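What follows is a short report on a single structure.
The values are calculated or read from the model by the stated rules, or taken from the named source; none is laboratory data. Here the structure is a predicted model, which is why all the values come from computation and not from measurement. Cβ placement follows ideal geometry from the backbone for every residue including glycine, while neighbour counts extend to all protein chains displayed. Side chains are part of the model used for accessible areas, which takes the heavy atoms of the whole protein and leaves out ligands, DNA and RNA. Shrake-Rupley method; radii C 1.70, N 1.55, O 1.52, S 1.80 Å.
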Amino acid sequence: MKKTLLLAVAVLLVAMPSEARKKPKFTHETVAVPAVEREIISVETASTSLNLLVTEKGELQTLHYGAKIEDPGAWLQLDGSSEDYNGCRSLTYPATGGRFISEPALHVKYPDGSHNTELYFTGVKKSAQDGFERTEIGLKDYVTGLEVKLLYDAYVKEDVIEMHSEILNGGKKAVELLNYASASLYVDAPEYLLTHFYGAWAKEMLMESEVLGHDTKVIESRRGVQATQGNNPSFLLSLGTKELRENDGEVIAGALEWSGNFRMSFEKDDAHRLNIITGISPYASAYPLEAGATFVTPGMVYTYSAEGAGGASRNLHRWARKYCVYGGGAVNPTLLNSWEGAYFNFTTPVLLGMIDDAASMGLEMFVLDDGWFGNDFPRNGDNAGLGDWEVNTSKLPEGIEYLASYAHSKGLKFGIWIEPEMVNPASNLAHEHPEWVVQSPGREIYQGRNQWVLDLSNPAVEDFVFGIFDRTMQLAPGIDYIKWDCNRVIQSFGSPYLGTQQDRFYVEYVEGLYNVMRRIREKYPRVIVQCCSSGGGRVDYGALRYCNEVWTSDNTDARTRAFIQYSMNLIYPACVMASHVSTVPNHQTSNVTPLKFRFDMACSGRLGMELQPKYFSPEDRALADRCITSYKKYRDLVFAGDAYRLASPYDGSYYGVMYVSEDKSRAVVFTYCLEFEPRTVGSKAFRLIGLDPSRSYKVMEQNVDRSCWWGSGKVFSGSFLAEGGFNPVLPQIYSSAVFVLEAQ
Ligand code: DGJ
């Protein structure tokens, strides 16, 4: 039957005149792109240039990022044919579509189901802003009307360029943003060594380096909150080498200002160029953009240095202290935190005793950590009370005001802990506002540390979270410090508030958090805020715009801290790095280190203590007093000096770091031994680069009666200290020494 039918159709076709068999003529109209002039756009800092080319076709390409090129216009002599490599040579903000087939910075799905975007140059504008020079480049897709603005803010003196993009839906219907990177940066070098940071609870920011091959390497966080407990949104890229070099060689450092899911991809193409695309992770976040709406991506900061990792991090630190970290560079007080000394088990008299001890040791603040709230569901462990932020009347019948004014009367500032984004199922809040909990219909709401996450994509929750901070500040006059904690990730995400728009959740959560923080800073510009997330789970330059410091890690073991603090300092300045002396055996690692080693380690950041001081022996107590007193004399260098790393704990037995004042008249040097090292007196373990070679410095060891270096108390030139050998005798594991240097 079928056979007969086919035969009949074939006979019919043969019988038809050839005209009728002709296919309809193929027609395809293209939208014209206005012609533009070839031009070079150069974004410049004191020692670096980013050179972009606008091609005849109107494509924007990246030609160079690195050391300064004095005549960027020379690029115009480039042979035009090399601009058309595969049709997409080094596009500055590559979009899915057109001839571009590599990793995109932008991927948009349009209402007709299409995925193509081709961005063409519309114009460039330069302006001087407060502290930086802005270059604003317009791009447009002429088929859909979608527009992108690329913004490059050049911090000239610091050699930092902060980049971000703004995506405007110029069409008539909503589109979906499938990728919406902050920035894309092409670099060109014979070799790329990527150094990035991974971790987990109590071992954050550990450094890992790898030579990049011809594939795509991705660093990502999908944790929602506590986003940096694993990977950190930052990296170093060493060019033309397989080695991370501290003092020489070309290094680019980058960091994203975002406290949620992020993605950084490094794609090495067939011409060996590397395209770095960085921004919010699009994971489960196809972001809907209404007609006429603009999506503003977070900032991505870049710096380049020919002075190795040291140069790159000093650039970033200077920028961070001046333009990013809240109160950056100002000294934050030394403190005693109640957590490891008391955990949840305290009453007013216990805390008063700690306040007395803190005051008599010369510390400057007492911080009451977790456990002070909840009555119907008292916070006596981590299984109850979060959400119910009223003072626990059985532990603290006299209230917070009593404690704060007692601390103030002893000359101490007073700080307190909150975890406002979270709720325990065992709380009144969970019963009163179940709709505020992050959840997905019909699915289990998984607990982490016995708690749920509040849905900060909901403006009502934003108000509630702001209210917690606000009310905590009212618990006593003169609350000086808030430790803001956040102790779990988001799982099985979902927002009852967002309904069918769940794609917005991860982005709006972070926006909600930032809205709250903005309100806090408007109302409380002076309160010191520590950003904590089970330790270093929220260490990023987005959060640091609102916070003065971070709780670097719950790991207070001074040995582990050497690794964490070393690599943290590659990206973040020491002024944000809270570092506490705790008891031994250490509560996280069981390691036992001498008290001096613990102090010397903590003093290279913002010094604090986190133990019950009443258990100190008189000798320990005397050492503590001495270390705190000397720290106060040199700590301005820790908070605002330039960091020079002298030895890496990842490379051998020693760790060393020094901070030098901007005018190079003073410095503090920290040296530590992590493994037994019976080296000879002649070896140059620590070269004190960073000093002025032609000036003379007096070297003074701190906290000891007898110095471990033969030159202590003597005067040496900066060049001798860098080249001749500065070699304190530190053979024993956990021996350490701190020196202050003063120009004569
Ligand atoms: C985790 C933090 O990192 C600790 O310092 C402490 O504040 C606890 N949370 C309290 O629950």
Quiz prompt | Alpha carbon convex hull of the range 203-270, volume per residue in cubic angstrom | solution = 101
Quiz item: Which trypsin sites (Lys or Arg not before Pro) does the range 525-603 hold that lie in a coil by DSSP with at most 10 other beta carbons within 10 Å?
Solution: R526
Quiz item: Among the lysines, which have Cα under 19 Å from the Cα of K140 when same-chain residues fewer than 8 positions away are ignored?
Solution: K57, K109, K125, K126, K149, K172, K173
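Calculated from DSSP H runs of 4 or more alone, at -39500 (n - 2.57) each and per residue, what is the 222 nm mean residue ellipticity of the chain, nearest 500?
On the way: 12 runs with 144 residues, N = 744.
Result for the chain, helices only: -6000 deg cm²/dmol.
Out of all Cα-Cα pairs in the range 329-376, roughly what percent, to the nearest whole number, are more than 13 Å apart?
It works out to 57 percent of all Cα pairs.
Report the charge-dipole magnitude of the chain in Debye, nearest 20, computed about the Cα centre from +1 at each Lys and Arg Cβ and -1 at each Asp and Glu Cβ.
Numbers: 71 positive and 91 negative charges, 87 e Å.
For the chain, the charge dipole is close to 420 debye.
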Practice problem: Quick one: angle between helix 2-15 and the longest Cα principal axis of the chain, in degrees between 0 and 90, rounded to 10, please. | Solution: 60
Exercise. Normalise the Debye intensity by I(0) for the range 39-324, one equal point scatterer per Cα, no solvent, then take log10 at q = 0.10, 0.12, 0.14 Å⁻¹ and round to two decimals.
Key: -0.50, -0.74, -1.03
Quiz item: For L78 and E398, what is the calculated FRET efficiency with R₀ set at 56 Å and r taken between the beta-carbons, to the nearest 0.05?
Solution: 0.15
Quiz item: Q502 label point, 7 Å along Cα→Cβ, cut-off 17 Å on backbone N: hits in the range 274-293?
Solution: 282-288
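Leaving ligands and nucleic acids out of the surface, order C673, C708 by accessible area at 1.4 Å, largest first. Provide the component values of the computation, followed by the final result.
On the way: C673 0, C708 35 Å².
Heavy-atom accessible area, descending, gives C708, C673.
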Self-check item: Inter-centroid distance (Cα atoms) of the range 511-575 relative to the range 166-195, Å
Solution: 27
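Can you give me the accessible area per residue for the range 39-324, using a 1.4 Å probe, in Å²? It would help to have the intermediate numbers written out before the result.
Details: 9980 Å² over 286 residues.
Result: 35 Å² of accessible area for each residue.
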Quiz item: What is the gain in length, in nm to one decimal, between E522 and F676 on full extension, counting 0.36 nm per residue of separation less the C-alpha to C-alpha distance?
Solution: 50.3 nm
Quiz item: How big is the Rg/Rh ratio for the range 275-360, C-alpha atoms only, Rh by Kirkwood, two decimals?
Solution: 1.21
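Provide the gained length on full extension for the span S694 to S590, in nm with one decimal, where the gain is 0.36 nm per separating residue minus the Cα-Cα distance. Before the final figure, lay out each step's value.
Details: separation 104, 0.36 × 104 = 37.44 nm, distance 4.61 nm.
Gain on stretching S694 to S590: 32.8 nm.
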Quiz prompt | Check: the range 39-324 dipole with +1 on Lys, Arg Cβ and -1 on Asp, Glu Cβ, in debye | solution = 820
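For the range 570-637, just run the numbers: alpha carbon Rg, then divide by 2.2 N^0.38 Å, N being how many residues it has.
1.14
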Quiz prompt | Dipole in debye (nearest 20) - the range 647-743, about Cα centre, beta carbon charges: Lys, Arg +1; Asp, Glu -1 | solution = 220
Practice problem: Kindly provide the Kirkwood hydrodynamic radius of the range 647-743 in Å, to one decimal, from all pairs of distinct alpha carbon atoms. | Solution: 13.3
Exercise. State the dimensionless ratio Rg/Rh of the range 525-666 (Rg: radius of gyration of Cα atoms; Rh: Kirkwood radius).
Key: 0.95
Self-check item: Förster radius 25 Å - calculated FRET efficiency between R38 and E176 (Cβ-Cβ, nearest 0.05)
Solution: 0.15
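Order the following by accessible area, largest value first: H408, H64. Probe radius 1.4 Å; ligands, DNA and RNA are ignored. Intermediate values should be presented prior to the final figure.
Working: H408 70, H64 40 Å².
Per-residue accessible area, sorted high to low, gives H408, H64.
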Quiz item: Where in the range 381-425 does the amide nitrogen come within less than 18 Å of the point 7 Å from the Cα of H431, taken along Cα to Cβ?
Solution: 383-393, 423-425
Quiz item: Which number do you get for Rg(Cα) / (2.2 N^0.38 Å) in the range 126-248?
Solution: 1.34
Practice problem: Could you please state how large a percent of the accessible area of the chain is carbon and sulfur, counting protein chains only and using a 1.4 Å probe? | Solution: 52
Self-check item: Å² per residue, accessible surface of the range 647-743 at 1.4 Å
Solution: 41
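If the convex hull of the alpha-carbon atoms of the range 364-466 is projected onto planes in all directions, what is the mean projected area in square nanometres? It would help to have the intermediate numbers written out before the result.
Working: hull surface 29.3 nm².
Average projection, Cα convex hull of the range 364-466: 7.3 nm².
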Quiz item: At a Förster radius of 45 Å, what calculated FRET efficiency corresponds to the Cβ-Cβ distance of I101 and V296, to the nearest 0.05?
Solution: 0.95
Exercise. Determine by what factor the alpha-carbon radius of gyration of the range 102-149 differs from 2.2 N^0.38 Å, reporting the quotient.
Key: 1.46
Quiz item: Across bins of 20 angstrom width beginning at 0, how are the C-alpha pair distances of the chain distributed, in whole percent?
Solution: 16, 45, 29, 7, 2, 0
Exercise. Note the full-extension length gain between N116 and S717 as 0.36 nm times their separation in residues minus their Cα-Cα distance, in nm to one decimal.
Key: 210.1 nm
Quiz item: Over all pairs of distinct alpha carbons, what does the Kirkwood formula give as the hydrodynamic radius of the range 487-529, in Å?
Solution: 12.3
